[in-house]
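See below for the structure under consideration.
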Amino acid sequence: QVQLDESGGGLVQPGGSLRLSCTTSQSIFDFNSMGWYRKVPGKQRELVAVIISGGATKYGDSVKGRFTISRDIAKNTAYLQMDSLKPEDTAVYYCNVLVVDTRTVVPSEYWGQGTQVTVSS
């Protein structure tokens, strides 16, 4: 069981920045991918950013050019730097980890507890 500990959410004005952190209970090398999704009540969960085990990254269209995902392997931590925040970025952000068993090819997903990000003046 992978434990995920998120931090860094809060209230920020439009145009401001926040950085989310997600620390895991085991090595990032054990994961096929690690990233963030966000959820707004009444809407579907949305991919924000993900970093693949080899280091490649993928971003949701609405955050491209504004958000940056990175990782510190030594700290078992991934970061989401969010710049030029907009009110529509307001959501609960969830850290996500995907692990695919190399023997059975069965995927397992793990989720953080979620952290609220509110962008408002």
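Within the accessible area of the chain, what % is carbon and sulfur when the probe is 1.4 Å and the other protein chains stay in place? Carbon with sulfur: 48 percent of the solvent-accessible area.
Charge tally for Leu47 (other residues, Cβ to Cβ under 12 Å; Lys, Arg +1; Asp, Glu -1): +3. Excluding ligands, DNA and RNA, the accessible surface per residue across the chain is 54 Å² with a 1.4 Å probe. Using a 7 Å offset from the Cα along the Cα-to-Cβ direction at both Gln116 and Asp61, what is the distance between the two label points in nm, to one decimal? Going from the Gln116 label point to the Asp61 one covers 3.0 nm. Near Gly8: Cβ cut-off under 15 Å, other residues only, Lys/Arg at +1 and Asp/Glu at -1. The net charge is -1.
Restricting attention to the range 3-121, close to 95% of DSSP beta bridges with both partner residues there are antiparallel.
Applying 1/(1 + (r/R0)^6) with R0 = 35 Å to the Cβ-Cβ distance of Leu11 and Ile52 gives a FRET efficiency near 0.65. Seen from Val99, the other residues with C-beta closer than 13 Å to its C-beta sum to a net charge of -2, counting Lys and Arg as +1 and Asp and Glu as -1.
The values are calculated or read from the model by the stated rules, or taken from the named source; none is laboratory data. Note that the structure is predicted; figures quoted are calculated from it, not measured. Here the Cβ is made from the backbone with ideal geometry for all residues, glycine too, and neighbour counts use every protein chain on show. The area values use the complete protein model at the heavy-atom level, side chains included, leaving out ligands, DNA and RNA. Shrake-Rupley method; radii C 1.70, N 1.55, O 1.52, S 1.80 Å.
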